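Participant: Below is one structure. I have some questions about it.
The values are calculated or read from the model by the stated rules, or taken from the named source; none is laboratory data. Worth saying up front: this structure is predicted, and the values here are computed from it rather than measured. Counting neighbours? That spans all protein chains shown, and the Cβs are built from the backbone with ideal geometry, glycine included.
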Amino acid sequence: MSLESQVGPNEHILWSGTKNKKVSVMEAIFNPLLPFALIWGLIDLGFIFMATGASHSHSSASAEKSFLGFLIPFFLLHLMPVWLYLGGVLTSAARAKNTYYCVTDQAVYIQHGIFNTTTERITYQQVISVGTHQSFFDKRLLTGDVVLKLDEIVYAGKQRTPHQRDIKIENISDYENLYQTIMQYQPSFATGMPGNAPRDMRSYMQQYNNSPYDNSPYDNENNDRRW
């Protein structure tokens with residue numbers, strides 16, 4: 001199912017697009033894990049060469065076979081940081097190809113996943129701030145990210161806890177125009193009011209007035225904070 005087909009009937013699509021695959025691959029290669037994976041791999045390779053050399057010199061054929069039977073699985077597991085890094089690099093193009101963004105006049109839709117597809121809808125009422133970001137490769141290839149900071153509620157049993165997280169629309173060429181578009185529709189900017197936590201969280205909490213839980217941090221009658 002395409003992302004556009006999941007947009008609500010009363011919503012109007014303002015922008016849709018995908019990640020730039022070249023930037024995504026370059027960022028996956030030159031990420032902070034690269035020096036760690038490189039050093040880890042070189043150290044392990046050194047131990048492997050020393051161990052196999054000693055095995056050839058001092059062991060019988062049966063002992064050498066038994067030793068290799070232990071050595072190979074051990075280092076396959078011990079090289080896990082290297083496999084994780086290589087896996088991220090090898091799948092970066094596929095992940096970029098299978099990531100889709102759609103922005104409407106009511107929400108932002110993000111769809112991603114290689115084998116399993118996940119679609120997330122973020123309403124503008126959840127967004128408390130909007131920003132942009134450019135990595136080194138974004139600057140070289142004239143792309144960038146739009147960063148949305150979200151205000152959400154996390155449930156733990158009957159306890160509701162405010163929680164913030166960042167969502168990125170990554171590696172797109174018209175990120176500056178998209179940033180301006182989202183600002184126009186994001187309530188705190190459209191109304192000229194600051195997107196601060198008390199205002200936005202209070203508005204967001206009111207969506208849960210009909211919840212069976214009665215321990216809201218806000219009083220439902222006069223909207224005063226209980227804690």
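Participant: Return yes when residue 114 is at pLDDT below 95 and outside any helix (DSSP H, G or I) and no when it is not.
Facilitator: The answer is yes for residue 114.
Participant: Here's a follow-up. In this structure, is residue 99 among the hydroxyl-bearing types (Ser, Thr, Tyr), within 14 Å of the chain's Cα centre (by Cα) and either at pLDDT below 95 or within 30 Å of residue 41 (Cβ to Cβ) (or both)?
Facilitator: Answer is yes for this residue.
Participant: Moving to a separate point now. Inside the range 127-147, can you point out the residues that are crowded, with 20+ Cβ neighbours inside 10 Å and not in a strand (DSSP E or B)?
Facilitator: Passing the criteria: 138, 143.
Participant: Would the range 159-169 turn up any residue that is at pLDDT 95 or above, touching a Ser or Thr at 6+ places or on another chain (Cβ under 8 Å) and surrounded by 15 or more Cβ atoms within 10 Å (Cβ to Cβ)?
Facilitator: No, that holds for no residue.
Participant: Then there's this: Those residues that are surrounded by fewer than 20 Cβ atoms within 10 Å (Cβ to Cβ) and either of a type in the set (Asp, Glu) or over 13 Å from residue 143 (Cα atoms) (or both), I need them from the range 170-181; list them, please.
Facilitator: 174, 176, 180, 181
Participant: Within the range 104-116, work out how many residues are buried (at least 20 other Cβ atoms within 10 Å of the Cβ) and either over 25 Å from residue 149 (Cα atoms) or without any contact (Cβ under 8 Å) to a residue 60 or more places away in the chain (or both).
Facilitator: Total satisfying the criteria: 1.
Participant: Any idea how many residues of the range 87-103 are in a helix (DSSP H, G or I) and either small (Gly, Ala, Ser) or loosely packed, with under 15 Cβ neighbours inside 10 Å (or both)?
Facilitator: Of the residues in that region, 8 qualify.
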